[in-house]
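Single-structure report; data block below.
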Amino acid sequence: MSTFNLDNILSQFLIEGKVESVKPLGNGLINDTFRVVTEGDAPDYVLQRINNNIFTDVDLLQHNIEAVTGHIRRKLEAAGADDIDRKVLRFVPTQQGKTYYLDNEGRYWRVSVFIPDAVTYEQVDPTSSRNAGKAFGEFESMLVDLPEQLGETIPDFHNMELRARQLQEAIEQDKAGRVAGVADIIADLQKDMHEMCKAERLFREGKLPKRICHCDTKVNNMMYDKQGNVLCVIDLDTVMPSFVFSDYGDFLRTGANFVAEDDPKIENVGFNQDIFRAFTEGYIESARSFLTPVEAENLPYAVALFPFMQCVRFFADYLNGDTYYKIAYPEHNLVRTRNQQALYHRVTDNYDMMDNFIRTLI
């Protein structure tokens, strides 16, 4: 905190009241975040340094966020909702009218209004999963008619065809000399690669739409009031055009695995049907109004796609010599690969169950 002149940064934004204190907030891995406490009746704020190594086009990033939060706010106002400032994030403009500030050191900052008496949860259970499904489905539903064009804040973030090409390059180059020892994984992945790339084919054929999705659907990306009601979806940096599979499948990749993605006890990897059912019930309840038949019938595919995609990404990094993901020991990425490979197969074993369950909800 001592490396930032926070008083000068805050002075660039049109905040109300006098600043009483600025303290670190949360434990985010990407952005530096601070809570700004003001004196008197003025609201408190959240000051955040945007990690522009990951989000390289900050102007696009903030345009997406402004468009999304503005659209949701207008819908809440039209519906006569109460307590709107706790149900959608509000970003504060600078003296120049932008929602971000570039300091003299090349760092980007933004300020949002702090939501009081709100909490986040880390626990994944049927209740939190159902809430998450409903919240993220509702988030997508409110943005179906967003008139503004959004861009991809992380280009090709969930593009399986790109991940397939990257893996093939890693196999051909064999930079770390590891290919010979993992022929079984290569054969297993290549067997299903064409099927796992079908979302991009359906899109090119005009059969699958792209929608505005959150693209980082975790339980802790929702805020609750003290009574346990969901207030709003947060962490909007990855909001961009994508397939609904991104929001649906990515949650279940982490939420429905019995163990963490790097657990070396592969025999303990499994697909939690209770979490699947709870999340799916909530999601379809709020997304049913806009899901097309192609989207709905491919939701089981989406559940399989994300462990498969993450397996490919971990595996390519392992073959490349561990240059992307941080590792704690030499075989860490290989353990992650085998974990996600096992989860993928557990999911595909449940295709009929998932398909039958979804049909009862649509």
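A few comments on the model shown:
- Separation of the Arg359 and His345 label points, Cα + 7 Å toward Cβ, nm: 2.7 nm
- Percent of alpha-carbon pairs separated by more than 15 Å within the range 213-300: 66 percent
- DSSP H segments from the chain that extend 15 Å or more along their own axis, Cα-based, with Kyte-Doolittle mean of -1.0 or above: 58-78, 126-142, 160-173, 183-196, 244-255, 273-287, 299-319, 351-361
- Mean Cα-pair separation over length for the chain, i.e. relative contact order, pairs under 8 Å, 6 or more apart, %: 18 percent
- Centroid-to-centroid separation of the range 73-101 and the range 311-336 [C-alpha atoms, Å]: 41 Å
- Equivalent ellipsoid dimensions for the range 97-243 as semi-axes, Å, which come from the Cα gyration tensor, largest first: 35, 21, 19
- Relative contact order of the range 77-181: 14 percent, from C-alpha pairs under 8 Å at least 6 residues apart in sequence.
- Our estimate of slack between Ala118 and Arg288, defined as 0.36 nm per intervening residue step minus the Cα-Cα distance, is 58.4 nm.
- Dividing the summed helix terms, -39500 (n - 2.57) for each DSSP H run of n ≥ 4, by the number of residues in the chain produces a 222 nm estimate of -14000 deg cm²/dmol to the nearest 500.
- Estimated translational D of the chain in µm²/s (Stokes, Kirkwood radius over Cα pairs; 25 °C; 0.890 mPa s): 112 µm²/s
- Reachable lysines, given that their alpha-carbon falls under 18 Å from the alpha-carbon of Lys326 and they are not under 8 places away in the same chain: Lys175
- Counting only residues at least eight positions apart within a chain, or on another chain, the lysines with an alpha carbon under 21 Å from that of Lys87 are Lys75, Lys134, Lys218, Lys226.
- Derived scalar couplings ³J(HN,Hα) [the range 81-93; Karplus, 6.51 cos²θ - 1.76 cosθ + 1.60; whole Hz; x for Gly, Pro]: 5, 9, 6, 4, 5, 9, 10, 7, 5, 10, 9, 9, x
- The label point for Leu14 and the one for Lys207, both projected 7 Å from the Cα toward the Cβ, are 5.0 nm apart.
- Among 193-204, 72-83, sorting by the average number of other beta carbon atoms lying within 10 angstrom of each residue, highest first, gives 193-204, 72-83.
- Using a probe of 1.4 angstrom and keeping all protein chains present, the accessible surface of the chain works out to 47 square angstrom per residue.
The values are calculated or read from the model by the stated rules, or taken from the named source; none is laboratory data. Since we're looking at a predicted model, the values are computed, not measured. Glycine also receives a Cβ, built like all others from the backbone with ideal geometry; neighbour counts cover every protein chain displayed. Remember, those area values only see protein heavy atoms, side chains included, never the ligands or the DNA or RNA. Shrake-Rupley method; radii C 1.70, N 1.55, O 1.52, S 1.80 Å.
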